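These notes are about the structure you will find just below.
The values are calculated or read from the model by the stated rules, or taken from the named source; none is laboratory data. In this text, all values refer to a predicted model and were calculated from it rather than measured experimentally. Because the Cβ atoms are built from the backbone with ideal geometry, glycine has one as well, and the counts that use them run over all protein chains shown.
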Amino acid sequence: MARIAVLPGDGVGPEIVRETVKVLRRIGALFGIPLTFDEEIVGGAAIDRCGTPLPPETLSLCRASEAILFGAVGGPQWDSLPVDRRPERGLLALRKELGLYANLRPVKLFAPLVDASPLKREIIEGVDLLVLRELTGGLYFGEPKGIGPAPDGKGEQGIDTLSYTTFEIERIARIGFQIAAQRRKRLTSVDKVNVLASSQLWRRVVAETAREFPDIELDHMLVDNCSMQLIRDPRRFDVILTENTFGDILSDEAAMLAGSIGMLPSASLGDGPGLYEPIHGSAPDIAGQDTANPLATILSAAMLLRHSLRHESAAAAVEAAVGLVLEAGYRTPDIRQPGPTTLIGTAHMGDLVVERLSNTAIH
Ligand code: NAD
C-alpha cells in the first residue's frame, strides 16, 4: 500500500490538488496500484489554524508517507507576517526537514500548445529540457541571514548568504549527470563564475564530477547568458544544472516555453519521500474561481508515479491523457489561444483527464 500525504495549502492549492487526487485514484484503480491518501494542513491554512506553517502532525505524516502531493502556499493575507513566520516557510522547512535537495523541473511543450506560448513556433516547437535546481543550499538557507543595523549607522542592512560546499555540489551534480544519461546526454551547468566565489567552487566540482560520466557532454554557462539563450534557442538545452536561486528564476522563465506556468510540474527528491508540486504559487488572484489550470499538478502526480512509486507505465498514461485532452482542444484560460478551442474550468479539466485515462490507459 502506498501512502500519499496530500497537502493542498492555500489559494488555488485545494482546487488543483482535488483534481489531481481524482486522477491518482483513477490510475490506482486502472493499474492496480493500492494508494491511500491522508490530508494535512500547511502554509497559511496551518498558520490560521495552529499558528505555524508546518505543524508537527503534517511533518510526521510526510515522514510516514511514500510521497507528498503539494498544492501551493501563500497569499496576501499573510504578507505582513515576519519572513520567518510566513506560509512559504512551511514549504522551505519541509524541503529542509526531508532533505529534498534535488528539484526536477521538466519543461516539455505539448504540441497542441505550440501557439499558446507568446514565443514564436519556430523557436519553441519540440522544446524538451529539464531544469535541475539545487534546493536546500544557497541564498535561501545560508547564514548569516536577517535584517539588522547598517554598519555605517544609517538605517538597516539586509543580509543573505550564498554558500555551497563540495558535498552539496557533488551530490546534485551526480543526479544531473544521471538524469542526462537517460535523456539526450547533454548537461549545461549554470553559474556566475565571473563574480561569485560559490560559483567558482561549483564549476570546479561539477567539472571534476563529470569525469565519472564520460558519455555526457558538459558545458558551462553564465546565468545571465542562460536566461537569454532560453528564449533565443531553447532547443539547445537538455539538462540545465544550477543552484537554488538561479534555478528558481530560470525555471519560471522556462515555464513560458511550455505555454503557461500552469503546465509545469516538479519533483523534489532526497533520500526519503519525494515531494511533488506545480512550480507555480497559490495564484490568489484566481483562487476560488474554478479557472486555475490543474495540469501542472496532475503532471506532478505523473512524476510521483515515476520517481516515488517506480510505475513508469502509469506515469506515461497520465501524461498521454493530458496530451489527449489538449489535442481535443480543451483549455483553461491561461492556455487559451485563438482557434477552435473550448474554454473550461479547473474541475472540468480534471474530469476530462480522468475520462481519457479510463478510455486509454489499459490498452
Ligand atoms: P503565482 O505562481 O501564484 O502566480 C503568478 C501568475 O500566474 C498569476 O497571474 C497567477 O494567476 C498565474 N497562475 C499561477 N498558477 C496558475 C494556474 N495553475 N493556472 C492559471 N494561472 C496560474 O505567483 P505569485 O503571484 O508571485 O505568488 C502568489 C503567492 O504564492 C505568494 O504568496 C507567493 O509567495 C506564493 N508562492 C508559493 C509557491 C509555492 O507554494 N511553491 C511558489 C511561488 C509563489
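In the condition set (1) touching a residue at least 12 places away in the same chain (Cβ under 8 Å); (2) more than 27 Å from residue 122 (Cα to Cα), residue 218 is compliant with all but (2). Residue 331 passes every criterion in (1) out of contact with any strand residue (DSSP E or B) (no Cβ under 7 Å at 6 or more places or on another chain); (2) within 15 Å of the ligand (Cβ to nearest atom); (3) farther than 26 Å from residue 164 by Cα apart from (1). Counting only residues that are surrounded by fewer than 14 Cβ atoms within 10 Å (Cβ to Cβ) and either among the acidic types (Asp, Glu) or within 12 Å of the ligand (Cβ to nearest atom) (or both), the stretch 50-79 holds 4 of them. If I filter the stretch 292-309 for residues that are near the ligand (Cβ under 9 Å from one of its atoms), of a type in the set (S, T, N, Q), in contact with a Gly (Cβ under 6 Å, 6 or more places away or on another chain) and under 19 Å from residue 348 (Cβ atoms), do I get at least one hit? The answer is yes; a qualifying residue exists. Residue pairs whose Cβ atoms lie under 9 Å apart, sitting 6 or more positions apart in sequence or on different chains, and linking a residue in the stretch 330-359 that is within 11 Å of residue 294 (Cβ to Cβ) and modelled with pLDDT of 90 or more to a partner that is among the aromatic types (Phe, Trp, Tyr) and within 16 Å of the ligand (Cβ to nearest atom), are 344/330; 348/330; 349/330; 352/330.
Hey, among the residues in the stretch 193-213 that are in contact with a strand residue (DSSP E or B) (Cβ under 6 Å, 6 or more places away or on another chain) and not hydrophobic (A, V, I, L, M, F, W, C), which one's nearest to residue 247 (Cα to Cα)? Among residues in the stretch 193-213 that are in contact with a strand residue (DSSP E or B) (Cβ under 6 Å, 6 or more places away or on another chain) and not hydrophobic (A, V, I, L, M, F, W, C), the one nearest to residue 247 (Cα to Cα) is 199. Scan the stretch 22-49 for residues that are in a helix (DSSP H, G or I) and either within 16 Å of the ligand (Cβ to nearest atom) or not hydrophobic (A, V, I, L, M, F, W, C) (or both) and jot them down. Passing the criteria: 22, 23, 25, 26, 28, 44, 45, 46, 47, 48, 49.
Among the residues of the stretch 83-124, those identified as without any contact (Cβ under 8 Å) to a residue 24 or more places away in the chain and of a type in the set (Asp, Glu) are 84, 122. Does the stretch 56-73 contain at least one residue that is more than 15 Å from residue 276 (Cα to Cα), in a helix (DSSP H, G or I) and modelled with pLDDT under 95? Looking for residues that are more than 15 Å from residue 276 (Cα to Cα), in a helix (DSSP H, G or I) and modelled with pLDDT under 95, one finds none in the stretch 56-73, hence no.
Residues in the stretch 22-43 that are buried (at least 20 other Cβ atoms within 10 Å of the Cβ) and touching a Phe, Trp or Tyr at 6+ places or on another chain (Cβ under 9 Å): 24, 42, 43.
For the subset of the stretch 273-285 comprising residues that are in a loop (DSSP other than H, G, I, E, B) and not hydroxyl-bearing (Ser, Thr, Tyr), which member is nearest to residue 128 (Cα to Cα)? Of everything passing the filter in the stretch 273-285, 279 is nearest to residue 128 (Cα to Cα). For beta carbons closer than 8 Å, sequence separation of 6+ or different chains, a first residue in the stretch 9-31 that is farther than 14 Å from residue 68 by Cα and polar (S, T, N, Q) and a second that is part of a loop (DSSP other than H, G, I, E, B) and within 13 Å of the ligand (Cβ to nearest atom), there are no qualifying pairs. Of all the numbered requirements in (1) in a helix (DSSP H, G or I); (2) at pLDDT below 95; (3) not assigned by TED's automatic domain parsing to the domain that holds residue 332, residue 92 misses one, and that requirement is (3). All of (1) in contact (Cβ under 8 Å) with a residue 40 or more places away in the chain; (2) under 23 Å from the mean Cα position of the chain (by Cα); (3) exposed (fewer than 14 other Cβ atoms within 10 Å of the Cβ) hold for residue 310 with one exception: (1).
Scan the stretch 65-78 and tell me whether some residue there is out of contact with any strand residue (DSSP E or B) (no Cβ under 9 Å at 6 or more places or on another chain) and charged (D, E, K, R). Within the stretch 65-78 (the criterion being out of contact with any strand residue (DSSP E or B) (no Cβ under 9 Å at 6 or more places or on another chain) and charged (D, E, K, R)), the answer is no, since none of the residues qualifies. Counting only strands (runs of 3 or more DSSP E) that fall entirely inside the stretch 212-272 and contain at least 2 residues that are on the phi > 0 side of the Ramachandran plot, assigned by TED's automatic domain parsing to the domain that holds residue 353 and at pLDDT 95 or above, no element qualifies.
Remark: pairs (first residue in the stretch 267-281, farther than 7 Å from residue 100 by Cβ; second residue within 10 Å of the ligand (Cβ to nearest atom) and of a type in the set (A, V, I, L, M); Cβ separation under 6 Å; 6+ apart in sequence or on different chains) = 278/296; 279/264; 280/261; 281/72.
Inclusion of residue 260 among residues that are of a type in the set (Ser, Thr, Tyr), in contact (Cβ under 8 Å) with a residue 60 or more places away in the chain, closer than 17 Å to residue 131 by Cβ and surrounded by 14 or more Cβ atoms within 10 Å (Cβ to Cβ) is warranted.
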